[in-house]
Every structure is written in C-alpha cells, then in structure tokens.
Amino acid sequence: MSSSLMPSLMIRSEVRQKVNDNKRGRYMFGKKKKQDTNLFEIIDLEKDSGDTVLDIGQNETETEHGVLIEFRDVCKKYSQGENEFYALKNANLTINEGEMVVILGPSGAGKSTLLNLLGGMDSASSGHIWFDGEDLTTYSDNRLTRYRAENVGVVFQFYNLIPTLTAYENVALMKDIKEGTTDPVEALSAVGLKEHMHQFPSQMSGGEQQRTSIARAIAKNPKLLLCDEPTGALDTGTGKEVLKLLQSMSKDRGRTVVMVTHNSFFADIADTVIRVKNGGIENIVHNDTPKNASEVFW
Ligand SMILES: Nc1ncnc2c1ncn2[C@@H]1O[C@H](COP(=O)(O)OP(=O)(O)O)[C@@H](O)[C@H]1O
Ligand SMILES: [Mg+2]
C-alpha cells in the first residue's frame with residue numbers, strides 16, 4: 001500500500017457515514033447494465049503473431065444505460081490579483097455508463113479542466129459533480145483520493161510512465177493503489193504487449209508506451225477511463241490503434257471512456273461529443289451510429 005493512500009484508508013469507515021449522507025436517490029440514475037464479467041474476455045488483442053490485432057466485435061453489452069456522471073452549473077475559477085478568470089463556467093452535462101465521450105475544443109478552451117474535474121484531480125469552485133449517485137464536490141481530500149484510486153484510470157498525452165520501471169512494473173504498480181486489480185500480464189496482453197513487458201519505456205516506441213499506459217489504466221478495471229489527448233504524440237497509424245483500443249473498452253466492455261482531443265475527426269467515433277469553447281460548453285451532440293475507429297482518417 002502506498003504511503004500516500006494510508007490516511008484515506010484509515011478513515012474509510014469514518015467517511016462512509018458521510019458518504020451515505022451524501023448519496024443521492026438512485027432512482028435519479030436509472031438502471032445499471034448487468035454485465036461485469038472478466039475484463040478481457042472480449043478484448044483479446046494479442047494473437048499468435050504477437051502483433052496488436054484489435055478484435056472489435058459486436059456490442060455484447062446491454063443497451064440500457066444509467067447515468068454515471070452529471071455536472072450541474074460547474075465552475076472552475078482562478079483569481080489573479082483582483083481579476084477572476086473562469087477556466088470553466090456553468091458547465092452542465094450528463095454522461096451515461098458505458099458511453100464513449102469525446103470532448104472537443106481548441107487549445108485553452110477548458111478541456112483538461114473538465115477532464116480533471118471528472119477525475120477528481122481538481123475540485124470545482126462552485127456547482128455539483130455527481131458520480132454514480134454521489135456528489136464529488138462534498139468529498140474530503142482523502143475521500144477524493146479514494147475515489148480516484150477506485151474509479152478512475154487516466155491516460156495522458158505523454159504516457160507518464162516511470163522510466164526506471166519496465167512495462168510490467170509500471171502496470172504492477174496499480175496493485176498498490178487498488179485491491180483486486182487485473183494481473184499485469186493479462187492487462188499487457190490485452191493491449192498486445194505481452195512480448196514487450198520486460199522492456200523499459202526508453203526501449204519502446206511511442207505507441208507501445210501509450211499502450212502500456214492504457215494497460216496500467218485498465219488494470220484497475222476502473223468505471224471511468226479518462227484520456228487527455230491520448231494520440232497527441234503519436235503518428236496516425238499508431239494513434240488509430242490507440243483509438244481502436246479505447247473505443248473497444250467502451251463498446252465491448254461497457255467502460256465509460258472520456259477522451260479529450262482537438263482533432264474533430266475523432267467526433268465520429270463517439271456516442272456523445274461535448275464541444276468546449278472559451279471555458280463554456282458550446283454544445284453536446286449524441287450520435288446514434290458512431291463509426292468504428294478503423295474507419296476514421298485524419
Ligand atoms: N492552474 C491554473 N491556473 C491558472 N489558469 C489555469 C490553470 N489551469 C488552467 N488554466 C487556464 O484555464 C484555461 C483552460 O485550460 P485547459 O483546461 O488546460 O485548456 P485545454 O485543455 O482546452 O487546452 C487556459 O486559459 C489555462 O491557461
Ligand atoms: Mg489540455
């Protein structure tokens with residue numbers, strides 16, 4: 001157990017009462033999907049060749065989606081002397097469980113701010129953020145740490161792997177953060193990296209490093225997978241492999257995937273596209289027939 005998490009564990013029973021007090025009526029959030037079988041039974045990317053072969057099959061999950069996340073008038077404000085600056089202003093949105101969501105917008109629009117609030121990596125200045133029926137904005141720091149550890153996997157543009165650890169060790173670290181994580185070999189196999197698992201980040205290509213970081217995120221089996229410009233440092237072909245992988249996490253495994261990008265072509269693969277501009281949500285569009293990631297060109 002990592003030392004930074006110890007305080008939150010110690011007060012777990014104490015906060016549970018408060019958490020229960022904060023619980024919102026479940027009826028607000030509709031029914032949950034019934035599937036929650038082995039994470040990797042459908043995604044089996046590692047075929048005989050050892051190459052990444054993405055098996056994006058039919059959607060085997062039920063189509064009934066409950067609401068997982070709701071933002072209500074969420075603001076993130078920074079003060080600079082006497083001036084106030086809103087990185088995000090009055091954001092209202094709903095994300096259903098199992099959805100693939102793309103957050104689009106130009107640089108500086110507030111995309112990462114939105115993602116960081118979703119992931120409990122930042123806290124709102126005002127408003128409410130409901131996750132699975134609980135209001136994150138009422139959480140203590142310790143409870144927010146626990147929320148991140150239990151529910152959120154994050155993939156960043158520059159992978160954020162620990163350079164002195166192998167791919168296997170980078171993924172195995174998740175065991176210290178959450179109980180019941182997936183075996184690292186299984187997680188790395190799922191992203192087609194079993195053959196490379198003893199290599200260090202410096203011995204892997206950008207795409208392999210990003211797939212390692214995805215393996216690390218999904219090893220936690222999180223309800224929410226957040227990705228901030230995950231293909232931003234990759235060439236088109238490698239980026240597409242990463243997109244396929246992320247889409248299949250939602251489509252085949254029913255995970256809720258939220259991806260930030262400035263690439264408007266990615267909108268085609270999303271169930272929901274949230275456009276952000278100047279710190280505000282410009283529009284939210286639902287797409288009944290998202291494309292397969294393999295069909296997207298940019
Ligand atoms: N910690 C911070 N302090 C002050 N301003 C910030 C901070 N974080 C982000 N911002 C500002 O908020 C705006 C939105 O940032 P961000 O969400 O990172 O944009 P995006 O991800 O869309 O490029 C930017 O103008 C940025 O400079
Ligand atoms: Mg950003």
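The values are calculated or read from the model by the stated rules, or taken from the named source; none is laboratory data. Predicted, not measured: the structure shown is a model, and the values here were computed from it. No Cβ is skipped: glycine too gets one built from the backbone with ideal geometry, and neighbour counts run over all protein chains shown.
Just one residue in the set Glu229, Glu169, Glu179 is touching a residue at least 24 places away in the same chain (Cβ under 8 Å) and of a type in the set (Asp, Glu); that residue is Glu229. Note on the stretch 128-139: residues that are under 21 Å from Ser79 (Cα atoms) and touching a helix residue (DSSP H, G or I) at 6+ places or on another chain (Cβ under 7 Å) total 1. Restricting attention to the stretch 169-183, the residues being outside any helix (DSSP H, G or I) and either of a type in the set (Lys, Arg) or surrounded by fewer than 17 Cβ atoms within 10 Å (Cβ to Cβ) (or both) number 4. If you check Thr236 against the conditions, is it of a type in the set (Ser, Thr, Tyr) and in contact with a helix residue (DSSP H, G or I) (Cβ under 6 Å, 6 or more places away or on another chain)? For Thr236, the condition - of a type in the set (Ser, Thr, Tyr) and in contact with a helix residue (DSSP H, G or I) (Cβ under 6 Å, 6 or more places away or on another chain) - is not met.
When you look at Phe156, is it under 18 Å from the mean Cα position of the chain (by Cα), among the aromatic types (Phe, Trp, Tyr) and within 16 Å of ligand 2 (Cβ to nearest atom), yes or no? When the stated conditions are applied, Phe156 passes them. Restricting attention to the stretch 228-249, which residues are away from ligand 2 (no atom under 16 Å from the Cβ) and touching a Leu at 6+ places or on another chain (Cβ under 8 Å)? Across the stretch 228-249, the qualifying residues are Glu241, Val242, Lys244, Leu245, Leu246, Ser248, Met249.
Scanning the stretch 80-99 for residues that are polar (S, T, N, Q) and free of Cβ contacts under 8 Å to residues at least 12 places away in the same chain gives Gln80, Asn83. Checking each residue in the stretch 62-100 for being more than 16 Å from ligand 1 (Cβ to nearest atom) and either farther than 29 Å from Asp268 by Cα or aliphatic (A, V, I, L, M) (or both) picks out Val67, Leu68, Ile69, Ile95, Met100.
Any residue in the stretch 250-266 that is within 16 Å of ligand 1 (Cβ to nearest atom), over 22 Å from Glu186 (Cα atoms) and aromatic (Phe, Trp, Tyr)? Within the stretch 250-266, one or more residues are within 16 Å of ligand 1 (Cβ to nearest atom), over 22 Å from Glu186 (Cα atoms) and aromatic (Phe, Trp, Tyr).
Annotation: of all residues in the stretch 247-298 being within 30 Å of Lys76 (Cα to Cα) and of a type in the set (D, E, K, R), the one that is surrounded by the fewest Cβ atoms within 10 Å (Cβ to Cβ) is Glu282.
Here Tyr159 passes the criteria (1) outside any helix (DSSP H, G or I); (2) touching a strand residue (DSSP E or B) at 6+ places or on another chain (Cβ under 9 Å) except the one numbered (2).
Residues in the stretch 115-133 that are of a type in the set (Gly, Ala, Ser) and within 17 Å of Ala149 (Cβ to Cβ) were compared, and the one that is nearest to ligand 2 (Cβ to nearest atom) is Gly119.
Among the residues of the stretch 101-120, is any touching a Gly at 6+ places or on another chain (Cβ under 6 Å), more than 9 Å from ligand 1 (Cβ to nearest atom) and more than 20 Å from Lys277 (Cα to Cα)?
Looking through the stretch 101-120, none of the residues is touching a Gly at 6+ places or on another chain (Cβ under 6 Å), more than 9 Å from ligand 1 (Cβ to nearest atom) and more than 20 Å from Lys277 (Cα to Cα).
Here is a yes/no grid of residues against (1) part of a helix (DSSP H, G or I); (2) of a type outside the set (Gly, Ala, Ser); (3) modelled with pLDDT of 95 or more:
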| residue | (1), (2), (3) |
| --- | --- |
| Ala187 | yes, no, no |
| Thr212 | yes, yes, yes |
| Leu226 | no, yes, yes |
| Thr238 | yes, yes, no |
| Leu243 | yes, yes, no |
| Met249 | yes, yes, no |
| Arg253 | no, yes, no |
| Phe265 | yes, yes, no |
